[in-house]
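Data first, discussion second: the structure below is written as structure tokens.
The values are calculated or read from the model by the stated rules, or taken from the named source; none is laboratory data. None of these values were measured; they are calculated from a predicted model. FYI the Cβ positions are ideal-geometry reconstructions off the backbone, even for glycines, and counts take in every protein chain you see.
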Amino acid sequence: MSGDGLVRCAWCGTDPLYVDYHDREWGVPNWDERHLFEMLTLEGAQAGLSWLTILRKREGYRRAFLGFDPEAIARFDAARVAELLADPGIVRNRLKVESTVSNARALLALYDQGETLANLLWGFVDQVPRHNAWPSLDRVPARTPEADRMSRELKRRGFRFVGGTICQALMQAVGMVNDHTLDCFRYRQLAG
């Protein structure tokens, strides 16, 4: 329990940035295209790092990747990638930066086919949030069959840094699944 008397998921900790993210955003259903692209990017950037590290760099990502405008990012060239690799406001990993550019291009290809990222991603849960009932953090899976299917489909469509664990984290972050633990105050709020 925290100083405010609320019980939160065990992963949340006490850092104010983390608590705010947990309380206001994590697990809230979201179909917004830019937000989904942002979260896909940030979840990929998080691979091998803590989520708190990414939260602390989130504004740097928003600045560096122009508010996650896929049309603008798709035009980034090698010189722009080199600039980004010198930007301390983001994770300076060449593969991760380049994947954001290629993912923007894959997203535009999706749009060219008359599809949306929201419909593609949310299709893995039949467009309806799933409310799980995990008694504790150790019961929450790091990946699920749905996340693995999402990963395969995104890779087939040219997306990168979209493994099963990343896709599961994305599903949790954007509220496709409610993976707040049963004792967390947000579980009941989101489950309705």
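Here are the numbers for this structure:
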| item | result |
| --- | --- |
| Complete set of residues in region 134-165 that are crowded, with 16+ Cβ neighbours inside 10 Å and basic (K, R) | R143, R157, R160 |
| Residue satisfying all of: in region 111-155; small (G, A, S) and not in a loop (DSSP other than H, G, I, E, B); farthest from G44 (Cα to Cα) among these | G123 |
| Checking G164 against (1) within 16 Å of the chain's Cα centre (by Cα); (2) closer than 20 Å to G13 by Cβ; (3) not aliphatic (A, V, I, L, M), the condition it does not meet | (2) |
| Within region 1-107, helices (runs of 4 or more DSSP H) holding 1 or more residues that are in contact (Cβ under 8 Å) with a residue 40 or more places away in the chain and among the small types (G, A, S) | 33-46 |
| Residues (crowded, with 17+ Cβ neighbours inside 10 Å and over 15 Å from D23 (Cα atoms)) located in region 166-192 | I166, C167, Q168, A169, L170, M171, M176, V177 |
| Candidate set: region 47-72, residues that are more than 13 Å from K96 (Cβ to Cβ) and hydrophobic (A, V, I, L, M, F, W, C); chosen: the one surrounded by the most Cβ atoms within 10 Å (Cβ to Cβ) | F68 |
| Options F159, F124: the member that is of a type in the set (F, W, Y) and touching an Asp or Glu at 6+ places or on another chain (Cβ under 8 Å) | F124 |
| Pair list, Cβ under 6 Å, 6 or more apart: region 171-183 residue on the phi < 0 side of the Ramachandran plot, other residue acidic (D, E) and at pLDDT 95 or above | Q172/D179 |
| The one condition in (1) within 25 Å of P29 (Cβ to Cβ); (2) without any contact (Cβ under 8 Å) to a residue 60 or more places away in the chain; (3) not basic (K, R) that H131 fails to fulfil | (2) |
